[in-house]
Amino acid sequence: MSAVRLVIGNRNYSSWSLRAWLSLRKSGVSFEEIVLPLDTPEFAARVGQYSPSRTVPVLQHGEHCIWDSLAICEYVNEQFAGGEQWPGDPAARAFGRSLVAEMHSGYGALRGAMPMNFRARGRVVARNPALEADIARVIERWQTSRERYAADGPWLLGRFSIADAFFAPVVVRFGGYTVELPPGPVADYAVHLRSDPDMLDWEAAAAAETWIVQADEAGVEAGTALASDD
Ligand SMILES: N[C@@H](CCC(=O)N[C@@H](CS)C(=O)NCC(=O)O)C(=O)O
């Protein structure tokens with residue numbers, strides 16, 4: 001098989017990269033990783049050699065280049081996961097795709113106010129109505145998913161799916177920004193995802209990173225709002 005290579009940003013910050021990486025890791029295919037440090041001259045100098053959009057993640061498979069996290073997950077599912085990263089049932093699949101599409105194109109207030117940072121603990125940000133609405137919407141989607149598919153397994157749609165890859169960064173954000181989750185299926189889902197062995201591998205690698213994005217570290221100590229999105 002042609003070589004598979006995933007180009008990602010710093011694991012501590014790059015939520016879009018985590019989506020693609022988790023899907024690829026769960027597929028079981030072996031792949032090479034290249035990590036480009038976000039917001040550095042090195043990133044600006046090197047990203048163009050891999051990514052036509054100059055963003056990460058990017059998947060290279062032989063002559064193919066896929067440069068968007070959703071497109072990468074779909075490709076991984078088709079090429080390496082035998083379609084297992086979506087449910088076989090069309091209604092469940094459509095539900096999962098709706099979850100993912102909403103995550104991919106929405107939740108702007110959440111993304112803006114709570115950038116992913118694995119090292120963040122106990123951050124507190126000002127809650128405005130748009131942020132509250134995004135948080136409530138995520139919790140409601142997780143509750144509905146877990147109620148519908150609990151019999152099939154511990155992930156959002158029962159078995160691991162692309163929906164979990166897309167919501168993994170949100171679980172991390174909620175953990176770092178002290179978002180209280182209702183006990184039961186929603187809180188249990190967050191615990192399940194954070195203790196998944198692949199997530200723990202990513203977290204350990206994030207902790208070992210030495211690149212710091214200053215704009216995203218300013219509030220770690222103070223617990224204040226931060227500037228960047230992802
Ligand atoms: N829609 C893209 C967005 C990717 C994206 O914005 N990635 C960020 C890092 S998490 C990036 O590459 N930023 C670098 C830059 O904009 O210079 C996806 O889903 O992959």
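Read-outs: derived from the displayed coordinates by stated rules, not from any lab. Just so we're clear, the structure is a prediction, and the values are computed from it rather than from any experiment. Glycine also receives a Cβ, built like all others from the backbone with ideal geometry; neighbour counts cover every protein chain displayed.
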Exercise. Amide H to amide H under 5 Å from Ile34: which residues, 5+ apart in sequence or cross-chain, H placed 1.01 Å off N in plane?
Worked result: Leu6, Val7, Ile8
For this session: With springs connecting C-alpha atoms under 10 Å apart, model the chain as a Gaussian network and identify which of Val100, Val76, Val29 has the largest mean-square fluctuation.
Result: Val29
Exercise. When only C-alpha pairs under 8 Å and at least 6 residues apart count, what is the relative contact order of the stretch 46-104, in percent?
Worked result: 17 percent
Exercise. Using alpha-carbon pairs under 8 Å, 6+ residues apart, how would you state the relative contact order of the stretch 4-79 in percent?
Worked result: 39 percent
Seminar exercise, completed: Taking every DSSP bridge whose two residues both lie in the chain, the antiparallel percent to the nearest 5 is 70 percent
Exercise. Cβ under 12 Å from Trp86's Cβ, Trp86 left aside: what net charge do those residues give with Lys, Arg +1 and Asp, Glu -1?
Worked result: -2
Seminar exercise, completed: Contact order relative to length for the chain, counting C-alpha pairs under 8 Å separated by 6 or more residues, stands in percent at 26 percent
Exercise. With a sphere of radius 14 Å drawn around the Cβ of Arg54, what net charge do the other residues whose Cβ falls strictly inside it have (Lys, Arg +1; Asp, Glu -1)?
Worked result: -2
Exercise. By count of other Cβ within 10 Å, fewest leading, how are Met103, Met199, Met1 ordered?
Worked result: Met1, Met199, Met103
Seminar exercise, completed: Expected sort for 10-18, 121-129 on mean C-beta neighbours within 10 Å, highest first, is 10-18, 121-129
Exercise. Where both partners of a DSSP beta bridge lie in the stretch 4-79, what percent of those bridges are antiparallel, to the nearest 5?
Worked result: 65 percent
Exercise. Measuring from centroid to centroid over Cα atoms, what is the spacing of the stretch 20-89 and the stretch 105-178 in Å?
Worked result: 22 Å
